[in-house]
Amino acid sequence: MKALVLSGGASKGAFTAGVVRYLIRKKKMEFDVAVGTSTGSLVAGPALLGDHAYCRDVYVSVNDKDIFQNSLIGKIATAISHFVDFISGPIDARLDPLRKILEDYYYGEEKLDQLLDSGKEMLVSVANVRTGKIQFVSSNQVKNGDIDEDTFISAIVSSCSEPFFTKPVQIFEKEENHPNCKDLFYDGGVKEFLPIEKAVSLGAEEIWAVSTHPLEFQITEWGGNTAAEDVSFLKALAWTVGAFSDEVVRGDYYRAWTYFHWSKIIKLMKKEAPQLLNKPEVKDFLFGLSLPILHIIYPKDHLATSLQFEPATMWKYWLMGERRAKKMIEENATEISDENIKPWQLHQG
């Protein structure tokens, strides 16, 4: 089984779209499973269907009003930002315009029916506001009749709903007997930015992951003068969001490194002590930890965090994604190894 894992990153998802387009158009790759978080969930479905043109168009042809409907306070804040140093972009915004885009694609173009008939599986990560736990909503749940089509679309919208900036989404409201029917959900990226672990648990033998963060992290800076009197509430908020997202990504990369080493250990055990692997308690212990092949494609440098959807910037990120995928594949630099991902790399300043 070949799986595609796509990270979050808001408008930086244009980079992801560029990478995926290169994989399916130039390298002729096909995937059995796609796991998407936040902006990655927008690319997951088209990637499974080989719809590389949509992987481009869903980003480079949209702007803010096509994605979110800002709240009154968000509109006021954006207006003020033109005159003073103030937060701009969505605040407590609704994602109804994004839902319309998804409905036009999955319903209007009958792409959801194509996905369900393809035998492939798309999973979307969401975070339960009440429990704080991450959940995955799958297209197979629609296929099996466990949830309806609107619920699946709501899950994609929820996966794109960042706390504070957008409103949470009630996903399972139409399934009255569902244990989470009254719960609200946010972006799964607040718990797991790059959900490699889910692809592993599904039994993927080869995983291609796309991250909008580089492997080598830089310390998030305040920007400009960092004297105490210059650290405003809004700068503190921006720094906190950046630092938080960096730590989530660090954890996901660290797990990827751990899986890589588990795969080496298991291969050695199969060769030297196969009888040990046949013990039930050992099988239970190793379940989900075997990872034969893992590829990660990521930007060379930090992409500017942005909840503002500017076509010119997203064109740049999209082209960057295509070129980065081409370069990393040509240089055999995508496969995870001791050399390109280490714990001490992930925590350096």
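Quick one: which of Lys167/Lys326; Lys27/Lys267; Lys2/Lys327; Lys133/Lys167; Lys133/Lys270; Lys2/Lys271 span more than 27 angstrom between C-alpha atoms?
Values: Lys167/Lys326 37 Å; Lys27/Lys267 29 Å; Lys2/Lys327 21 Å; Lys133/Lys167 18 Å; Lys133/Lys270 35 Å; Lys2/Lys271 25 Å.
Those over the limit are Lys167/Lys326; Lys27/Lys267; Lys133/Lys270.
Under 5 Å between amide hydrogens, built in the peptide plane, is the criterion, and for Phe185 it picks out Val129, Val169, Gln170, Ile171 among residues at least 5 positions away or on other chains. Computed from phi, the 3J(HN,Hα) profile of segment 50-59 under the Karplus parametrisation 6.51, -1.76, 1.60 (θ = phi - 60°) reads x, 8, 5, 5, 5, 4, 7, 5, 5, 10 Hz, with x in place of Gly and Pro. Computed extension length for Gln114-Lys327: 73.5 nm, one decimal, from 0.36 nm per residue of separation with the Cα-Cα distance subtracted. Checking every one of the trypsin sites (Lys or Arg not before Pro) in segment 11-66 against DSSP loop status and a limit of 10 other Cβ atoms within 10 Å picks out Lys28.
The alpha-carbon atoms of segment 110-173 define a convex hull whose volume equals 88 cubic angstrom per residue. Think of each Lys and Arg Cβ as +1 and each Asp and Glu Cβ as -1; about the Cα centre, that makes the dipole of segment 56-204 roughly 440 debye. When the trypsin sites (Lys or Arg not before Pro) in segment 173-213 are filtered for DSSP coil states and for at most 16 other beta-carbon atoms within 10 Å of their beta-carbon, the remaining sites are Lys174, Lys182.
Quick note: the coordinates plus some simple rules give every number you see, no bench work behind them. In this text, all values refer to a predicted model and were calculated from it rather than measured experimentally. Here Cβ is always computed from backbone atoms with ideal geometry, including for glycine, and neighbour counts include all displayed protein chains.
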